[in-house]
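Take a look at the structure set out below.
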Amino acid sequence: MSEKPRLQAQYEDTIRSTLAEKRGYTNPHQIPRVEKITLNMGVGSAIGDKKILDLAVDAMTEISGQKPVLTTARKSIANFRLREGMPIGCMVTLRRQRMYEFLDRLVAIVLPRVRDFRGISRKAFDGRGNYTMGLTEQLVFPELNPDKFTRPQGMNITLVTSATTDDEARDLLELFGMPFKQPQKKTDAA
């Protein structure tokens, strides 16, 4: 078996105990953990040109390290020349070691490379402890060759946690090193 990813070892060694101490968990199964990371790329322009979708699949394969699943249109929309069942995007679900390796790359390499980056939103949680963020440009991933992937293509990244509240999930992701924006300080205009 290969060596554990850095963030997985950090979670097992320090993050679990820190969360248990901070939140007062008595049962080790109460401690929140990252269950999976889902990457989703919608390619609306794939309706006119299939090569664009093939490029998106190649990019997603290089970013995630596994082959993505094609997503198809659920219903037909005549104005967009879209028929039910047409491939319009791709997605990947990362679990276990690949998930921790991707999270490590996301926090340490990718997010600092985003142009005009001042931190990610503290409010993009869904109420059940899951966090979704969007990237407008896939080329912030260093493994992609900018000569091959010339079209700007965005993607959504969803971090699914076992936390029951947004605050628990925020604590977990902060301990993993997610660069959240600092909370706004209220100023008194007296």
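Relative contact order, whole percent, for the chain stands at 27, derived from Cα pairs under 8 Å and 6 or more residues apart. Each of the peptides 164-170, 89-95, 122-128 was scored by the mean count of other Cβ atoms within 10 Å over its residues; in descending order, highest first, they stand as 89-95, 164-170, 122-128. The charge dipole of the chain, taken about its Cα centre with unit charges on the Cβ atoms of Lys, Arg (+1), Asp and Glu (-1) only, comes to about 440 debye. Pairs over the 27 Å Cα-Cα cut-off, from the set Lys22/Lys67; Lys4/Lys67; Lys50/Lys75; Lys75/Lys123: Lys22/Lys67; Lys75/Lys123. When all C-alpha to C-alpha distances in the chain are sorted into bins of 5 Å, what percent of pairs does each bin hold, rounded to whole numbers? Histogram of Cα-Cα distances, whole percents per bin: 1, 7, 14, 17, 17, 15, 11, 8, 5, 3, 1, 0, 0. Given their separation in residues at 0.36 nm each and the Cα-Cα distance between them, Ala108 and Lys36 gain 24.1 nm when the chain is fully extended.
Bear in mind that the values in this text are calculations on the coordinates, not laboratory data. Here the structure is a predicted model, which is why all the values come from computation and not from measurement. Ideal geometry is used to build each Cβ from the backbone, glycine not excepted, and the neighbour counts take in all protein chains shown.
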